[in-house]
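Working notes, structure below.
The values are calculated or read from the model by the stated rules, or taken from the named source; none is laboratory data. If you're wondering where the values come from, they're calculated on a predicted model, not measured in any experiment. Glycine gets a Cβ as well: all are built from the backbone with ideal geometry, and neighbour counts include every protein chain shown.
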Ligand code: SF4
Ligand code: SF4
């Protein structure tokens, strides 16, 4: 069984627990930006409607804030599912319609893979460069610096991160 098939089977198993109460969508802070509500994505996954799921912008808009997951009465890992959908879309060569969303996702994941933690300053710079707008949101920089939210130096690597990545790569290569 390929990784993709395994992923599909796991996704189906997890989402089949959902009884569509809608609590996840009611607490989502970015729901207005989404194509369809998060609970409907879960429903489509449980029905195996792959095309509709993979060609939807909702998983790309998801900010992985976990506000939905803490409300779910069935402990469904909704942000985790959104992330797996994005990975499946990437494996199938599907990108979000909005290019800026894809560029941000790429910048964010590449940075997390460097040390297991994000370096906000680097993300902002790289994202702006990818957009071809080096000074986008530049006015936020001084405000974030004053609030000690922006650091020029990258954070320390998460303990055991290299080992974990090595294991993960070996597993996905099998
Ligand atoms: S909160 Fe959980 S059970 Fe309710 S709709 Fe969302 S995923 Fe389904
Ligand atoms: S994790 Fe994603 S879907 Fe869930 S509340 Fe946050 S943004 Fe919405």
Would you please list the contacts, defined by Cβ atoms under 7 Å and residues six or more apart or on different chains, that run from a residue in the range 94-122 that is free of Cβ contacts under 8 Å to residues at least 24 places away in the same chain to a residue that is surrounded by 14 or more Cβ atoms within 10 Å (Cβ to Cβ) and in a loop (DSSP other than H, G, I, E, B)? 108/118; 111/118; 111/119; 112/118
Any helices (runs of 4 or more DSSP H) falling wholly within the range 72-169 and containing at least 2 residues that are closer than 30 Å to residue 16 by Cβ: 78-91, 99-115
Would you be able to say whether some residue in the range 97-109 is modelled with pLDDT under 95 and within 17 Å of residue 14 (Cα to Cα)? no
Is it true that some residue in the range 42-49 is within 12 Å of ligand 2 (Cβ to nearest atom) and under 24 Å from residue 6 (Cα atoms)? yes
Out of the range 11-37, which residues are part of a helix (DSSP H, G or I), more than 9 Å from ligand 1 (Cβ to nearest atom) and touching a residue at least 12 places away in the same chain (Cβ under 8 Å)? 11, 12, 14, 33
